[in-house]
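*Asks:* I'd like to ask some things about the structure below.
The values are calculated or read from the model by the stated rules, or taken from the named source; none is laboratory data. In this text, all values refer to a predicted model and were calculated from it rather than measured experimentally. All Cβ positions, even for glycine, are placed from backbone atoms using ideal geometry, and neighbour counts span all protein chains on display. Calculation scope for accessible area: heavy atoms of the full protein, side chains included, ligands and nucleic acids excluded. Shrake-Rupley method; radii C 1.70, N 1.55, O 1.52, S 1.80 Å.
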Amino acid sequence: MTESGEPDKRTVVTACDEGYLWGAFLLTASLRRFNVDCDINIRGFDLPSISASLLEQFKRVRVIQGNEDMAFNGKIAALKTASEGSVTWMDADCMVNGDVTGYLNVPEDGIRIRFRSKEENIHRFQGDYQPGENHGTVPKIYTDNWRKDVGELDLRRTESVASNCAFTIHASSMGFVDKWNKFMEQIRESGSQSPAYSLGMSGKRMSDELALNALLAFAEDAPEIHPHLLSHDPEALVVHFYERKKPWTIWTNSQIRHYSLVIETLEWVKQQGLELPENLPWTFRKSLKPAAYGSAHLFKAYTEFKQVVKKIIGK
């Protein structure tokens, strides 16, 4: 809160390249459709000017072009575009389904971030538990590396692993964001990023989420953690298209329930006299709604078939 008692300035930030233009467009459109009171900063990576203009046609939107490695530190670069108030990162494959304005504030020196359930941890870390470890916790192979590499606290401040697809941090904690970036560089340069900081066991791509979790768990100056507010109100929450296949490519069985949200948001854009990106994907064509639902079920069957074959081959 400001000295006058008014809420802090609110800024939603994201990052995208041309491959995620549709995602950033849907996120921006949904924030404006539901009258979310915030500025929107989008870190663009090799984003053509015509694509940037499609995003900036919405009110209070600013595209800031950058040349950082989007996969490595695009999230951090986007957060650093805001310098005051509450700053909310949302992945460029997210949307909101209502007015989340009241959920975008966080106290100074604080962070609002969602921690995964035991079931989610089991799914995420199922191949990383050692014999005798309690499944549903964070595997020891992670926490041991985090404690050693951070080198500050001995006792963990957290019980689970946080998801950083949508979280709010106060601008007063931007020094911690810098620390997060430096920590990632340190791990990458040391060659110790797999598996404790990697997406998958190959170690070929670093997980900014796991690096953030290491600091939230063991850094002395980590922001105070507050309850996450963007996932509890069914009428105003963040929808995350987290799977590798995105709705602008194909609908999956878990994502098709958000079909109406996407289509109605695109209809709202047209009603406002705003432009859509060229080459509307077939998945977003209302005339092909039956095909969208049918493909989602077929994709589920195909995925399940692959899993069965994999198990058979693995025996």
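*Asks:* Would you mind finding the one in Ser172, Ser198 that is under 22 Å from the mean Cα position of the chain (by Cα) and open to solvent by less than 20 Å² (accessible area, probe 1.4 Å)?
*Replies:* Step by step, each of Ser172, Ser198 is checked, and only Ser198 is under 22 Å from the mean Cα position of the chain (by Cα) and open to solvent by less than 20 Å² (accessible area, probe 1.4 Å).
*Asks:* Taking the condition of being open to solvent by 10 Å² or more (accessible area, probe 1.4 Å), in a loop (DSSP other than H, G, I, E, B) and closer than 15 Å to Phe115 by Cα, how many residues in the stretch 201-232 meet it? Show your work before the answer.
*Replies:* Taking the stretch 201-232 as the starting set, the residues that turn out to be open to solvent by 10 Å² or more (accessible area, probe 1.4 Å) are 201-206, 208-209, 220-222, 224-229, 231-232.
Next, only the ones that are in a loop (DSSP other than H, G, I, E, B) stay: 201-205, 220-222, 227-229, 231-232.
Keeping just the survivors that are closer than 15 Å to Phe115 by Cα gives 227-229, 231-232.
Qualifying residue count for the region: 5.
*Asks:* Which one of the conditions (1) under 21 Å from Tyr103 (Cα atoms); (2) crowded, with 18+ Cβ neighbours inside 10 Å does Glu235 fail to meet, given that it meets all the rest?
*Replies:* Glu235 satisfies every listed condition except (2).
*Asks:* Hey, can you tell me all the residues within the stretch 226-276 that are more than 19 Å from the chain's Cα centre (by Cα) and under 30 Å from His170 (Cα atoms)?
*Replies:* Listed by number, the residues that qualify are Glu235, Thr265.
*Asks:* Any idea which of Thr303, Thr265 is touching a Lys or Arg at 6+ places or on another chain (Cβ under 8 Å) and open to solvent by less than 50 Å² (accessible area, probe 1.4 Å)?
*Replies:* On the way: Thr303 fails: touching a Lys or Arg at 6+ places or on another chain (Cβ under 8 Å).
Unique residue meeting the criteria: Thr265.
*Asks:* Moving on to the next point. So the check is Cβ under 6 Å with 6+ separation or different chains; which pairs have a first residue in the stretch 243-259 that's farther than 11 Å from Phe284 by Cα and a second one that's among the aliphatic types (A, V, I, L, M) and open to solvent by less than 40 Å² (accessible area, probe 1.4 Å)?
*Replies:* That search, which allows pairs on different chains as well, returns Thr252/Ala296; Asn253/Ala296; Ile256/Ala296; His258/Val239.
*Asks:* Oh, and also: Here are Lys75, Lys59: which of them is open to solvent by 10 Å² or more (accessible area, probe 1.4 Å), touching a residue at least 12 places away in the same chain (Cβ under 8 Å) and in contact with a helix residue (DSSP H, G or I) (Cβ under 6 Å, 6 or more places away or on another chain)? Spell out the reasoning first.
*Replies:* On the way: Lys59 fails: in contact with a helix residue (DSSP H, G or I) (Cβ under 6 Å, 6 or more places away or on another chain).
Result: Lys75 is the single residue among Lys75, Lys59 that is open to solvent by 10 Å² or more (accessible area, probe 1.4 Å), touching a residue at least 12 places away in the same chain (Cβ under 8 Å) and in contact with a helix residue (DSSP H, G or I) (Cβ under 6 Å, 6 or more places away or on another chain).
*Asks:* Looking at the structure I just gave you, is His226 under 25 Å from Ile111 (Cβ atoms), of a type outside the set (A, V, I, L, M) and at pLDDT 95 or above?
*Replies:* Details: under 25 Å from Ile111 (Cβ atoms): yes; of a type outside the set (A, V, I, L, M): yes; at pLDDT 95 or above: yes.
So His226 passes the test.
*Asks:* With respect to Cys16, determine if the residue is in the same structural domain as Arg114 (by the TED database) and touching a His at 6+ places or on another chain (Cβ under 7 Å). Don't jump to the end; show me each part of the working.
*Replies:* Values: in the same structural domain as Arg114 (by the TED database): yes; touching a His at 6+ places or on another chain (Cβ under 7 Å): no.
So Cys16 does not fit the description; no.
*Asks:* Restricting to the stretch 78-130, and then to whatever is touching a Phe, Trp or Tyr at 6+ places or on another chain (Cβ under 6 Å) and surrounded by fewer than 20 Cβ atoms within 10 Å (Cβ to Cβ), can you tell me which residue is nearest to Gly175 (Cα to Cα)?
*Replies:* The selected residue is Asp99.
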